[in-house]
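The values are calculated or read from the model by the stated rules, or taken from the named source; none is laboratory data. Everything numeric here is computed off the predicted structure, so don't read it as measured data. Here the Cβ is made from the backbone with ideal geometry for all residues, glycine too, and neighbour counts use every protein chain on show. All accessible areas refer to the heavy atoms of the entire protein, side chains included, with ligands and DNA or RNA removed. Shrake-Rupley method; radii C 1.70, N 1.55, O 1.52, S 1.80 Å.
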Amino acid sequence: MKMLFIDGKLVTKNLVKGQRVYGEKIIEKNGVEYRVWNPYRSKLAAAIYKGLKEIPIEKNHRVLYLGAASGTTASHISDIVVEGVVYCIEFSPRVFKDLLSVCEPRKNMIPLLRDAGKPWEYLDVVEECDIIYEDIAQPNQVEILIENSKFFLKDGGYAMIAIKARSIDATRSPSEVFEREIKKMEKHFEIIKKIRLEPYEKDHLFILAKKLS
């Protein structure tokens, strides 16, 4: 879908009127409420500001979100998939408490206190998905994405991942790390778009990819 901008600001139509998730600005236009999507708080928003023209997320899609944290980006995806669902995987019990408060009024967000590195532990809850979105600071973050895609991502489905070079290997240059991780992904995905996220995030590469059949 094409992204919506109001007065030069990226926004999503607020699924829960009056709800602010992370102190974001709310804009009302023609009786409709929109949430401003902050690129310094969301890597997906940063990628859009850096040139991602469309995201492959539609209103009826099922999205598996790995590393949902307190729900900042996941809530904006929730605004988009009004007829779908966002499965929110988070491992930290402390952060999960904040995620629960975001999900409670958003009936299309399902919070799951699980380890994204063990996708078989949520097979009983998560259905086949159209999208996997991952934002996890782990050395094996690409492997986690690949493993989850085997369990949950439909053939031809899309994956989005923010690769964090310093979380993977702080001894090598970010460019070297990105090149190595892309080679891992290319065995399983067609790489559609690669976007460096500076100035919003340092040493991050956002990748949009499509699962190979």
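The table that follows gives values for the structure above.
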| quantity | calculated |
| --- | --- |
| ALA170 vs. criteria modelled with pLDDT under 95, farther than 20 Å from TYR65 by Cβ, of a type outside the set (Ser, Thr, Tyr) and assigned to a loop (DSSP other than H, G, I, E, B) | yes |
| Filtered residue count, segment 8-22, keeping only those that are among the hydrophobic types (A, V, I, L, M, F, W, C) and more than 17 Å from VAL102 (Cβ to Cβ) | 2 |
| Residue that is most open to solvent (accessible area, probe 1.4 Å) [pool: residues in segment 97-125 that are under 16 Å from the mean Cα position of the chain (by Cα) and of a type in the set (A, V, I, L, M, F, W, C)] | ILE110 |
| Residue identified as more than 23 Å from SER42 (Cα to Cα) and at pLDDT 95 or above among PHE189, PHE178 | PHE189 |
| Any strands (runs of 3 or more DSSP E) falling wholly within segment 1-81 and containing at least 2 residues that are at negative phi and open to solvent by less than 40 Å² (accessible area, probe 1.4 Å) | 9-13, 26-29, 32-36, 62-66 |
| Residue within segment 24-35 that is out of contact with any Cys (no Cβ under 9 Å at 6 or more places or on another chain) and under 30 Å from GLY117 (Cα atoms) present | no |
| Whichever residue in segment 127-141 is within 14 Å of the chain's Cα centre (by Cα) and over 21 Å from SER78 (Cβ atoms) and, among such residues, is modelled with the lowest pLDDT | ALA137 |
